[in-house]
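The next block holds one structure in the form of structure tokens; read it before the comments.
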Amino acid sequence: MQAQFPNLTVIHHPLVQHKLTFLRREETSTAGFRRLVKEISQMLCYEVTRDLPTENINIRTPITEFASPVISGKKQCIVSILRAGNGMLDGMLELLQAARVGHIGLYRDPETLEPVEYYFKVPEDIADRLVIVVDPMLATGNSAAAAISKLKKHGVTNIKFVCLLAAPEGVQTMLKHHPDVTITTAALDEKLNDHGYIVPGLGDAGDRIFGTR
Ligand code: URA
């Protein structure tokens, strides 16, 4: 946790930081970018699930009987904020194979930078699940905050947010609207520029994942 932002955990692990450097570089190819997003997402998934409850089950090893831990408690749902969030799904789902997946479509109005919803599809039992919301870039925080408000309206009470990069402005927005939601990220960057991009950032995450520019 950061002193300034009690809701924020930055993962300083050398592997995460190393891969993030190559993710940021403008000459990284689309294929390379996608692979790095997957790998970093996997490591962030490992961190965000650190406090999942476990319970012992009785198993038999080739040597003896043994009470060994498995994850217990709520099942998980990963909710991707379209479209860039989809880039994080593969890595997360490789670790949380039984997780359900929801999608929330929000785009930023280029003038106001406010989120506009165009798609919402989540599992029926989402209120009974731990929900991990993924979006690579926490910029203004308006889309993430709107997505989480919508999930709360559907009865979800246990929400964690995971992003690759966060801007202080976005973390502050989340703290204001959803202080109960933890944010796990690979880096807290310096600021937003006048176009709402994170500085130093990595550019448009959706375009770089899908090769649309
Ligand atoms: N969305 C992006 O893809 N990049 C940014 O820097 C900010 C929002």
message = Counting only other residues whose beta carbon sits under 14 Å from that of His103, what net charge do I get with K and R as +1, D and E as -1?
response = +2
Qualifying GluC sites (Glu not before Pro) for the stretch 39-133 [loop in DSSP, other Cβ within 10 Å: at most 14] = Glu111, Glu124
query = Tell me, what % of the accessible area of the stretch 107-197 is carbon and sulfur with a 1.4 angstrom probe?
reply = 49 percent
request  = Sort Ser80, Ser68 by accessible area with a 1.4 Å probe, largest first.
outcome  = Ser68, Ser80
task = Sticking to Cα atoms, compute the Rg of the stretch 61-213 to one decimal and its Dmax as the biggest Cα-Cα distance, whole number, in Å.
result = 16.9, 66
message = Using the Karplus curve 6.51 cos²θ - 1.76 cosθ + 1.60 with θ = phi - 60°, what ³J(HN,Hα) values do you get for each residue of the stretch 157-174, in whole Hz, with x for Gly and Pro?
response = 10, 10, 10, 10, 10, 10, 9, 7, 10, 10, 9, x, 4, x, 5, 5, 4, 5
Per-residue HN-Hα couplings for the stretch 61-68 [Karplus 6.51, -1.76, 1.60; θ = phi - 60°; Hz; x = Gly/Pro] = 7, x, 9, 7, 7, 7, 8, 10
ask   = Counting pairs of alpha carbon atoms under 8 Å apart in space and at least six apart in sequence, what relative contact order in percent does the stretch 15-168 give?
value = 20 percent
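With the Cα gyration tensor of the stretch 104-169 giving a ≥ b ≥ c as the square roots of its eigenvalues, does the rule (a/c under 1.5 for rounded; else a/b larger than b/c for prolate; else oblate) give rounded, prolate or oblate? It would help to have the intermediate numbers written out before the result.
On the way: a/c = 2.36, a/b = 1.48, b/c = 1.60.
Cα axes put the stretch 104-169 in the oblate bin.
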message = Quick check: residue separation of Lys121 and Leu52 times 0.36 nm, minus the Cα distance between them. What number comes out in nm?
response = 22.3 nm
ask   = Taking amide hydrogens as modeled 1.01 Å from N in the peptide plane, which residues meet the under 5 Å criterion relative to Val79, leaving out close sequence neighbours?
value = Gly102, Ile132, Val133, Val134
About the Cα centre, charge dipole magnitude for the chain (Lys/Arg +1, Asp/Glu -1 at Cβ), debye = 340 debye
message = Quick one: 3J(HN,Hα) in Hz for the stretch 99-105, Karplus 6.51/-1.76/1.60 with θ = phi - 60°, rounded, Gly and Pro as x.
response = 5, 7, 10, x, 10, 10, x
Charge-dipole axis of the chain as Lys and Arg at +1 and Asp and Glu at -1 on Cβ define it, positive-most pick from Ala146, Gly203, Val122 = Val122
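The values are calculated or read from the model by the stated rules, or taken from the named source; none is laboratory data. Model, not experiment: these values are computed from the prediction. In this analysis, Cβ positions are derived from the backbone assuming ideal geometry, glycine residues included, and neighbour counts consider all displayed protein chains. Ligands, DNA and RNA are excluded from the accessible area calculation, which covers all protein heavy atoms including side chains. Shrake-Rupley method; radii C 1.70, N 1.55, O 1.52, S 1.80 Å.
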